[in-house]
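Remarks on the structure that follows.
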Amino acid sequence: MNEMSDTTRQFVRAHRTDDVRALMLAQKRWPEVDVRQACVQIAAWQKARTKLPSWAAKDDIVFPEQLSMEQCSSELTARYKAEVWARLSGGRSADVCDLTGGLGVDASMLAQGCRRLTFVEHSEVLCDLARWNLPRMGVGRLDVVCGEAETVLPTLAQQDLIFLDPARRDSHGTRTVALADCSPDLEQLFPLLLDRATWVMAKLSPMLDISNTLRRLGHVAELHVVGVDGECKEVLVVGSRTAATAPSMPVHCVNLLTGRSSRQTFVFTRKEEQQSVCGYATAVGRYLYEPNASVLKAGALRCVAERLQVQKLHPNSHLYTSDALVPDFPGRTFEVVGLSDLNKKHTAHLLSGIRQANLTVRNFPLSVAQLRQRLKLSEGGSEYLFATTLADEKHVLIRCWKMKN
């Protein structure tokens, strides 16, 4: 880690909210300042202000180049991992290892109250940053090991938890999804990980095939599909050598909400989903429900209907309805204002007075762009419009108002 002079550090504090490009163009005004170094820190801080607020609140944190900032976990998802670990550990002091350290956001949360954190990272720059930043984020006993995860793992002492976030980009920078295409290869390392730790937690791509992953790993105790503000961000696999992946394994669907302490959760088992009977609506009721992305990704499509007493509109629409309000539905809730088929006269009546709307297409023959052009609606506003297919294969437009969740 390059040392930053006091003058440059003061410059960073004074110009944190300034335009980085303007600062670079005017850098001759400050010959005593390493303006490029300062601008790297300013740009990272501006991103961290929302993504990592507790890191941004510290004056002496040093951030890496932009790529690492883009790939690191958000503070919101890192705190969730720490909650999972606190439950698994029972709050006991423990030895924790982050095998793919990166910037150290997940490590800083998982290590709170732990006996010792072993931080493994192949980048010397990020190792230096960890030695500087993690103690300032409250991490006590810290061992930083610079090396590849596959090389360091066999040398590790027994751990209570090993966490890893395999890199999901190949040597050309292209995003990858399959376990075997990530680095390190979780499937290949899993037996040794289970031998070296009581618990293993792995952060995986939200795009991966969950069923195939569970089948390949074999010793999964629980699964967490984590979303933020309705967007699926990551899949967490929690493994233990004493666990055997089973249909009764809990699957946690979580939607974290930025700036709010509340969250949406739905916990089910694959066995429950297999055995659930999902009813289909003969008509759209007073309320319409759109499951959040974590529920859809986890595949809780029938059990959410049976447990919450809502009906599905169509096997492939993944929209639900009811006449009585279900306040804790894990997703967005709408009050239905009206409905029409695609007849021009009926559509015109439904959309009377509307010039803009938030348009969603589910199991419908037209794309959002095509339908928006056809309806002559601009984007935005307080109106919501769903284009979908009912159980009788009828294509409809549903006009709604969004309710507060």
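The values are calculated or read from the model by the stated rules, or taken from the named source; none is laboratory data. Remember, it's a predicted structure, so these values are computed and weren't measured experimentally. Reconstructed Cβ throughout: ideal geometry from the backbone, glycine too, with neighbour counts over all protein chains shown. SASA here: full protein model, heavy atoms, side chains in, ligands and nucleic acids out. Shrake-Rupley method; radii C 1.70, N 1.55, O 1.52, S 1.80 Å.
For GLU70, the conditions (1) more than 30 Å from LEU194 (Cα to Cα); (2) assigned to a helix (DSSP H, G or I); (3) open to solvent by 70 Å² or more (accessible area, probe 1.4 Å) all hold with the exception of (1).
Note on segment 238-252: among residues that are free of Cβ contacts under 8 Å to residues at least 40 places away in the same chain and of a type in the set (A, V, I, L, M), the one that is farthest from TRP85 (Cα to Cα) is ALA246. Only residues that are modelled with pLDDT under 90 and surrounded by 15 or more Cβ atoms within 10 Å (Cβ to Cβ) were counted across segment 175-191, and they come to 6. Restricting attention to segment 163-173, the residues that are at pLDDT 55 or above and surrounded by fewer than 17 Cβ atoms within 10 Å (Cβ to Cβ) total 2. On the basis of being touching a strand residue (DSSP E or B) at 6+ places or on another chain (Cβ under 6 Å), in contact (Cβ under 8 Å) with a residue 12 or more places away in the chain and within 21 Å of VAL396 (Cβ to Cβ), does VAL310 make the cut? Spelling it out, VAL310 is indeed touching a strand residue (DSSP E or B) at 6+ places or on another chain (Cβ under 6 Å), in contact (Cβ under 8 Å) with a residue 12 or more places away in the chain and within 21 Å of VAL396 (Cβ to Cβ).
Exactly one residue among VAL284, VAL304, VAL326 is touching a Ser or Thr at 6+ places or on another chain (Cβ under 9 Å), open to solvent by less than 10 Å² (accessible area, probe 1.4 Å) and among the β-branched types (Val, Ile, Thr), and that residue is VAL304. VAL228 meets the stated requirement of being surrounded by 20 or more Cβ atoms within 10 Å (Cβ to Cβ) and more than 23 Å from GLN188 (Cβ to Cβ). The set of residues in segment 131-156 being over 17 Å from ILE61 (Cα atoms), surrounded by fewer than 16 Cβ atoms within 10 Å (Cβ to Cβ) and touching a helix residue (DSSP H, G or I) at 6+ places or on another chain (Cβ under 8 Å) consists of GLU150, PRO154. Within segment 234-248, does at least one residue satisfy the condition of being closer than 29 Å to VAL396 by Cα and open to solvent by 20 Å² or more (accessible area, probe 1.4 Å)? No, because not a single residue in segment 234-248 is closer than 29 Å to VAL396 by Cα and open to solvent by 20 Å² or more (accessible area, probe 1.4 Å). Pick from segment 379-405 the residues that are surrounded by 15 or more Cβ atoms within 10 Å (Cβ to Cβ) and among the hydroxyl-bearing types (Ser, Thr, Tyr): which of them is farthest from the chain's Cα centre (by Cα)? Restricting to residues being surrounded by 15 or more Cβ atoms within 10 Å (Cβ to Cβ) and among the hydroxyl-bearing types (Ser, Thr, Tyr), the top hit is THR389. Can you tell me which residue within segment 240-265, out of those that are assigned to a loop (DSSP other than H, G, I, E, B), of a type in the set (S, T, N, Q) and farther than 12 Å from GLU222 by Cβ, is modelled with the lowest pLDDT? So the residue we want is SER261. Highlighted here are the strands (runs of 3 or more DSSP E) found entirely within segment 266-380 that include at least 2 residues which are within 25 Å of VAL251 (Cα to Cα): 287-291, 320-322, 331-340. Of the numbered criteria (1) in a helix (DSSP H, G or I); (2) modelled with pLDDT under 90; (3) open to solvent by less than 30 Å² (accessible area, probe 1.4 Å); (4) not charged (D, E, K, R), the one PRO64 fails is (1).
Residues in segment 109-130 that are within 24 Å of GLY90 (Cα to Cα) and open to solvent by less than 40 Å² (accessible area, probe 1.4 Å) were compared, and the one that is modelled with the lowest pLDDT is CYS114.
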